[in-house]
1. Just to confirm my numbers, what's the Cα centroid distance between the stretch 202-242 and the stretch 283-310 in Å?
2. Taking 7 Å along the Cα-to-C-beta vector as the label spot, tell me the Glu5-Glu97 distance in nanometres, rounded to one decimal.
3. Arrange Tyr371, Tyr25 by Cβ neighbour counts within 10 Å, fewest through most, would you?
4. Give or take rounding to whole Å, what are the principal axis extents of the alpha carbon atoms in the stretch 113-378, in descending order?
5. Mark the label point 7 Å from the Cα of Ile55 along Cα→Cβ and return the residues of the stretch 1-36 whose backbone N is within less than 18 Å of it.
6. Given a cut-off of 19 Å, what percent of all Cα-Cα pairs of the stretch 5-55 lie beyond it?
7. With Kirkwood's inverse mean 1/r over C-alpha pairs for Rh, give me the Rg to Rh ratio of the stretch 223-370, two decimals please.
8. What would the Debye equation give as log₁₀ I(q)/I(0) for the stretch 164-228 at q = 0.13, 0.22 Å⁻¹, counting only Cα atoms as equal point scatterers?
Amino acid sequence: MSLSERDTKRLANADEIEALYSQGYTQLQIAEKIGVAPSTVHRRRTIGRKLRRKIGGPKADTSPVRRELPSFDRWDMPGDKPDDLGYDDLDDDVPIEDLINERKERFKRLDGKKTRRHVRNVQVKLPGPVAITHFGDPHVDDDGCNWPELLRTVEVVSKTEGMFAGNIGDTTNNWVGRLQRLWGHQSTTIDEAIRLAHWLFHSVPWMYCVLGNHDKWNHGAQLLRYLTQGAKIAVFAENTARIELDFPKGDPLRVVARHDFKGSSIWNRAHGPLRESKLNPWGDIYISGHRHIWVSHHEEGTDGKPRHALIVRGFKAYDEYAETLGFYEHQHGESVTTILDPTHPSPMQRVQVVWDVEEAADILTWKRGKYGLTSYSKRQR
């Protein structure tokens, strides 16, 4: 039985919600993620179930999970004796003081690991201005990926001195749950998707790579860690990369990169990263992707520091899902480059945002030439 265009959109909405539920998201988390009210999540899911029954599709299993508690004997019941508990057989070869010290040291290591994960210091050994080209969602295995633009971006970054890359997540589609049916709508296989991702990770020097929601499906985080072995990546983060760049001269500059920041607004497309910059005013640049739009917002914080809130569209030029739901698709903003000049006397000029990668490379080369570091003719074309 065929569905109307309206019902097709409704079913696509429900499929997205079911996929998020299958990943362990709660109704409230899903509502925040897709930018609707929790009641709307419930309503869309209910409509989807009705439509699946209408077309004879599989019904989602909504029965509660029942777990049997293991039976055990109470040791504190009258008549029981502590000696019957087997405590005399406990391993006490290690003195309790040593055991406590071992637990204390283990916590210190864990705490240090979390601290390092919170802020990563990167020593930029190259003197003078440098640049980071932030790659929006690549989706390298999707038929809608703009490969000509991706190849142009990779070539410019790899051949320009002082230019690094940043991966904002969703390197591949990596379909999961009900969305696995979409494997049938793309011409690349899973093996080919893995090869393309490996090529991208090993093609340019990465300042950072963060994981997107697609990357985390199907235990994809472990796969990407394997694929990135041997690649030039300064910071690999599963959720948020908070990077402090320390230069040979000048002030440090800070980047906060995440696949998506919480919050959305129909009045301000930069709401997510802008909200983060106000709640946690640590960074100079707040950059995200995920929403397949591009936007740039700059303003001075209450502390007098200029901050940049950016969302990069990505390389997926044609998105059947967005078209089905009637979302407006932005036509530009596959990547964005931030040129960093730590020694510039004006704080306003220490970060420059450029939306064309070749123009950014030209500006970077010219700025480095001013410091006598690179001649314009040296930039490989």
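1. Each part reduced to its Cα centre gives a spacing of 22 Å.
2. 8.0 nm
3. Ranking Tyr371, Tyr25 by Cβ neighbours within 10 Å, fewest first, gives Tyr371, Tyr25.
4. For the stretch 113-378, the Cα extents along the three principal axes come out at 55, 41, 39 Å.
5. Once the point is set 7 Å along Cα→Cβ of Ile55, 1-20 turn out to lie under 18 Å by backbone N, inside the stretch 1-36.
6. For the stretch 5-55, the share of Cα pairs beyond 19 Å comes to 19 percent.
7. With Rh from the inverse mean 1/r over Cα pairs, Rg/Rh is 0.98.
8. Computed log10 I(q)/I(0) values: -0.35, -0.94.
We did not get these values from a lab; they are worked out from the coordinates using the rules stated. Bear in mind the structure is a predicted one, so any value in this text is a computation, not a measurement. Every residue, glycine among them, receives a Cβ derived from its backbone with ideal geometry; neighbour counts consider all protein chains shown.
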